[in-house]
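Here the structure comes first, spelled out in structure tokens, and everything after it is commentary.
The values are calculated or read from the model by the stated rules, or taken from the named source; none is laboratory data. Keep in mind that this is a model prediction, so the values were computed, not measured. Ideal geometry is used to build each Cβ from the backbone, glycine not excepted, and the neighbour counts take in all protein chains shown.
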Amino acid sequence: MKLSDLALLGALMCLPSIATAQFTGGDADVKITTVKEFLDKAEFEPSGGLSGLIDAGVNAAQTDDMKFVMEGYIVAQLDNDAYQFRDSTGTMNVEIDDFRGVEVSPEDRVRLFGEADYDDGVVFLEVDRLELVEP
């Protein structure tokens with residue numbers, strides 16, 4: 001067997017594992033959270049004075065990259081890719097770059113998957129994926 005034949009054989013043996021190497025499930029360590037739970041964990045409200053304002057900023061910054069899964073309704077478009085999201089506990093602004101063909105109205109219950117992004121003193125919930133929740 002020539003060296004080129006061995007290389008081709010090795011490449012062909014890898015094909016089945018490449019073709020099946022896809023996972024589309026959810027994140028095992030992320031549970032569905034509410035807007036209130038997220039805001040309480042981040043403690044955005046300053047407790048008073050300069051030190052309270054600094055503490056609120058530090059707490060908000062600690063939410064950077066925090067993963068979330070939320071269920072509720074997209075009730076309004078605020079800007080190009082900014083939307084207002086509402087659940088039974090409150091509202092929060094989210095950023096959705098791509099709906100990936102899913103049509104959503106304010107009456108449709110959705111599940112949002114993403115992570116928080118703290119930038120310039122503001123926390124955004126960046127949505128990586130959304131899906132409709134069956135009634």
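Below, the figures for the structure above:
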item	result
Any hit, segment 91-102, residues being in contact with a Gly (Cβ under 7 Å, 6 or more places away or on another chain), modelled with pLDDT of 90 or more and in a strand (DSSP E or B)	no
Criterion (aromatic (Phe, Trp, Tyr) and at pLDDT 90 or above) met by exactly one of Phe68, Phe113, Phe44	Phe113
Qualifying residues in segment 119-135 (those that are over 13 Å from the mean Cα position of the chain (by Cα) and under 23 Å from Met66 (Cβ atoms)) - the one modelled with the highest pLDDT	Val133
